[in-house]
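*Asks:* Here it is, the structure, as structure tokens.
The values are calculated or read from the model by the stated rules, or taken from the named source; none is laboratory data. Note that the coordinates shown come from a computational prediction; the quantities given were computed from them, not determined experimentally. Because the Cβ atoms are built from the backbone with ideal geometry, glycine has one as well, and the counts that use them run over all protein chains shown. Heavy atoms of the whole protein, side chains included, go into the accessibility calculation; ligands, DNA and RNA do not. Shrake-Rupley method; radii C 1.70, N 1.55, O 1.52, S 1.80 Å.
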Amino acid sequence: MSDTSTDRRPVVTPSRVVAALCLIAPFVAMLWVGSYAKVEPTFIGIPFFYWYQMAWVPISAVLTTTAYILVRREQRARKGGGSA
């Protein structure tokens, strides 16, 4: 067995960076109102302003799920790969 003080893994890992980007993307998309504050293009008669925001609901769910899976997978790997 190795000593835990010498076997430290980095806190910032590629999977955590991707998870963070997945969680930040919806906030950036919604806070940048100037990018979607317009009527055209309409979708089935709904102005862009509204359908753009509604499109981000399922997109946010997918991105949040992806972030959760990435973080959970990394936590399991840190614990030695044991399944619960």
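*Asks:* Could you tell me how many degrees, from 0 to 90 and to the nearest 10, lie between the Cα long axis of helix 48-78 and the main elongation axis, the longest principal axis, of the Cα atoms of the chain?
*Replies:* Value to nearest ten degrees: 0.
*Asks:* Here's something else I'd like to know. Pop the C-beta distance of E40 and T64 into the FRET formula with R0 = 41 Å and round what comes out to the nearest 0.05.
*Replies:* Values: r = 30 Å, r/R0 = 0.73.
The pair E40/T64 has a calculated efficiency of 0.85.
*Asks:* Now for a different question. With a 1.4 Å probe and every protein chain left in place, work out the accessible area per residue of the chain in Å², rounded to a whole number. List each step's numbers first, then the result.
*Replies:* Numbers: 6670 Å² over 84 residues.
Spelled out: the 1.4 Å probe surface of the chain, per residue, equals 79 Å².
*Asks:* Another question, then. Got a number for carbon plus sulfur as a percent of the chain's accessible area, 1.4 Å probe? Before the final figure, lay out each step's value.
*Replies:* Details: 4610 of 6670 Å².
Roughly 69 percent of what the probe reaches on the chain is carbon or sulfur.
*Asks:* Next question. Exposed loop sites here are trypsin sites (Lys or Arg not before Pro) in DSSP loop states with at most 15 other C-beta atoms within 10 Å. What is the longest stretch of the chain lacking them? All intermediate terms of the calculation are to be shown ahead of the outcome.
*Replies:* On the way: sites that count: R8, K38, K79.
No qualifying site falls inside 39-78, the longest such stretch.
*Asks:* Which angle from 0 to 90°, rounded to the nearest 10, does the C-alpha axis of helix 14-31 make with the longest principal axis of the chain?
*Replies:* Approximately 20 degrees, to the nearest 10.
*Asks:* Now for a separate question. Equivalent-ellipsoid semi-axes (√(5λ), Cα gyration tensor) for segment 5-69, whole Å, largest first? All intermediate terms of the calculation are to be shown ahead of the outcome.
*Replies:* On the way: eigenvalues 251, 27, 7 Å².
In descending order the semi-axes read 35, 12, 6 Å.
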